[in-house]
Amino acid sequence: MKSIKLLMAMSLLLSITSCYAKIGNVRLPEFNSFINVGSPQLVYQEMSSLIDKSSEVSQLKALLDNYFELKDALVKTDGNTASLKAEALLKAINSINKESLAKNEYDEWIKVMKELAFDAEHISETKDAGHQRDHFISLSKNMYSIAKVTKQEEPVYYQFCPMANKGKGANWLSKESSVKNPYYGAKMLGCGKTVETIK
Ligand SMILES: [Zn+2]
């Protein structure tokens, strides 16, 4: 993907450069239109910054988006939706191409991928929110390590409820700073607090 974009940037650069070469016989209107586009150097810089941005969005970001949808379903104690969202998460986990991850992402990924897949699979295979929440504890712990090494466009909040997990406490990740507890849902929606903001 990156190499295709680079190729496109290069060919655009080449075509602009070759147009410039023709400017020798100065046809003013054409020349002006190129001025509007910008110098080849400028265009090249712009294309390069686009390339850099696209490679910054990690594959692991998609996992987090799936995770948030699953979390929202558990906040609603909606076992059916949670099962579907976990299925989508499992698909995303299985489609990660680990060879193309950045080094720090790769190191973390190989540590947690099996457990992530295990928990996502169990959550997808039941519609019982209680069983889903049991797996959501370790799923969230592993997603936290992924969030820590993935570049985020927006902050991610790591939140904690001391009552979950039979009083041992449990964490989850959220895109919102306000607490909506996925372990209790409506029973104790506001229980918990943000313990870390990941940026
Ligand atoms: Zn299970």
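Return yes when L84 is more than 14 Å from the ligand (Cβ to nearest atom) and under 18 Å from V156 (Cβ atoms) and no when it is not.
Spelling it out, it is not the case that L84 is more than 14 Å from the ligand (Cβ to nearest atom) and under 18 Å from V156 (Cβ atoms).
Pairs meeting the criteria (first residue in region 181-197 and part of a helix (DSSP H, G or I), second residue among the small types (G, A, S) and surrounded by 16 or more Cβ atoms within 10 Å (Cβ to Cβ), beta carbons under 8 Å, at least 6 apart or on different chains) are G185/A129. The set of residues in region 179-199 that are out of contact with any Phe, Trp or Tyr (no Cβ under 9 Å at 6 or more places or on another chain) and hydroxyl-bearing (S, T, Y) contains only Y184. Within region 116-166, the residues that satisfy the criterion of being of a type in the set (S, T, N, Q), modelled with pLDDT of 95 or more and either outside the structural domain of K98 (by TED's automatic domain parsing) or touching a Phe, Trp or Tyr at 6+ places or on another chain (Cβ under 8 Å) (or both) are S140, Q159.
Entry remark, region 140-179: residues being more than 11 Å from E196 (Cβ to Cβ) and either assigned to a loop (DSSP other than H, G, I, E, B) or within 16 Å of the ligand (Cβ to nearest atom) (or both) number 22 in total.
Here's the yes/no breakdown for (1) of a type in the set (S, T, N, Q); (2) in contact with a Ser or Thr (Cβ under 7 Å, 6 or more places away or on another chain); (3) surrounded by 14 or more Cβ atoms within 10 Å (Cβ to Cβ):
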| site | (1), (2), (3) |
| --- | --- |
| A164 | no, no, yes |
| K168 | no, no, no |
| N181 | yes, no, yes |
| Y184 | no, no, yes |
| K187 | no, no, no |
| G190 | no, no, no |
| K193 | no, no, no |
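The residues on offer are L74, L90, and the sole one that is within 16 Å of the ligand (Cβ to nearest atom) and touching a Phe, Trp or Tyr at 6+ places or on another chain (Cβ under 7 Å) is L74. Look at region 104-122: where a residue is under 15 Å from Y67 (Cβ atoms) and a partner is in a helix (DSSP H, G or I) and of a type in the set (F, W, Y), sitting 6+ places away or on another chain with Cβ atoms under 8 Å, you get D119/F136. Say whether the condition of being out of contact with any helix residue (DSSP H, G or I) (no Cβ under 7 Å at 6 or more places or on another chain), at positive phi and without any contact (Cβ under 8 Å) to a residue 60 or more places away in the chain is met by at least one residue in region 142-153. Checking region 142-153: not a single residue is out of contact with any helix residue (DSSP H, G or I) (no Cβ under 7 Å at 6 or more places or on another chain), at positive phi and without any contact (Cβ under 8 Å) to a residue 60 or more places away in the chain. Take E125 and tell me if it is touching a residue at least 12 places away in the same chain (Cβ under 8 Å) and away from the ligand (no atom under 16 Å from the Cβ). The answer is no for E125.
The values are calculated or read from the model by the stated rules, or taken from the named source; none is laboratory data. No experiment lies behind these values; they were computed from the predicted model shown. Ideal geometry is used to build each Cβ from the backbone, glycine not excepted, and the neighbour counts take in all protein chains shown.
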